[in-house]
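Trainee: Supplied in structure tokens, the structure appears directly below.
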Amino acid sequence: MDVIRWQMKYSGKEEFMANLAADGIVLDQMAEKPELHPDLQVDLDIFWQLSSRRTMGFSGPNAITMTDLESCMRVYGIDNWAEKMAFMDRVQLLDNEFLKFHYPPKKAGK
């Protein structure tokens with residue numbers, strides 16, 4: 001989850017920060033960039049593909065739809081029940097982090 005939080009916060013600035021690092025200026029944000037386990041890169045790539053299709057409500061982005069998840073599983077040939085459930089769990093975990101970024105929890109008393 002750290003990877004998606006970092007990407008949500010710094011993805012638009014990552015190339016700039018990498019260029020600074022190449023010049024010997026390493027910002028804390030780049031030094032703190034979490035490593036993604038190689039097995040999870042496909043899940044993250046698929047999540048971003050699905051995320052680009054999400055609808056927007058009046059207050060911001062909506063969750064990735066089950067229809068989009070099902071379509072994605074058909075495209076990628078995920079047809080085993082256990083694999084489907086595991087895939088949906090992983091994508092929904094990423095989506096929950098994405099939505100938390102856009103809808104931070106309200107502080108008590110506000």
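Bear in mind that the values in this text are calculations on the coordinates, not laboratory data. This is a predicted model, so every value here is computed, not measured. Reconstructed Cβ throughout: ideal geometry from the backbone, glycine too, with neighbour counts over all protein chains shown.
Trainee: Give me the Kirkwood hydrodynamic radius of the range 36-104, using the inverse of the mean 1/r over all pairs of distinct Cα atoms, in Å to one decimal. Walk me through the numbers before you get to the answer.
Mentor: Numbers: mean 1/r = 0.0793 Å⁻¹.
That comes to 12.6 Å for the range 36-104.
Trainee: Could you work out how far helix 66-75 tilts from the main Cα principal axis of the chain, as a 0 to 90 degree angle to the nearest 10?
Mentor: Roughly 90 degrees between the two axes.
Trainee: Taking loop as defined by DSSP and a crowding limit of 16 other beta carbons within 10 Å, which GluC sites (Glu not before Pro) in the range 7-107 fit?
Mentor: Numbers: sites: E14, E15, E32, E35, E70, E83, E97; in loops: E32, E35.
For GluC sites (Glu not before Pro) across the range 7-107 that sit outside H, G, I, E and B with at most 16 neighbouring Cβ atoms in 10 Å, the list reads E32, E35.
Trainee: Find, among the chymotrypsin sites (Phe, Trp or Tyr not before Pro) in the range 55-110, those assigned to loop by DSSP (not H, G, I, E, B) with at most 15 other beta-carbon atoms within 10 angstrom.
Mentor: Working: sites: F58, Y76, W81, F87, F98, F101; in loops: F58, Y76.
Here the chymotrypsin sites (Phe, Trp or Tyr not before Pro) that fit, given the DSSP loop and packing criteria, are F58, Y76.
Trainee: Could you work out how far helix 81-102 tilts from the main Cα principal axis of the chain, as a 0 to 90 degree angle to the nearest 10?
Mentor: Here the helix axis deviates by roughly 40 degrees.
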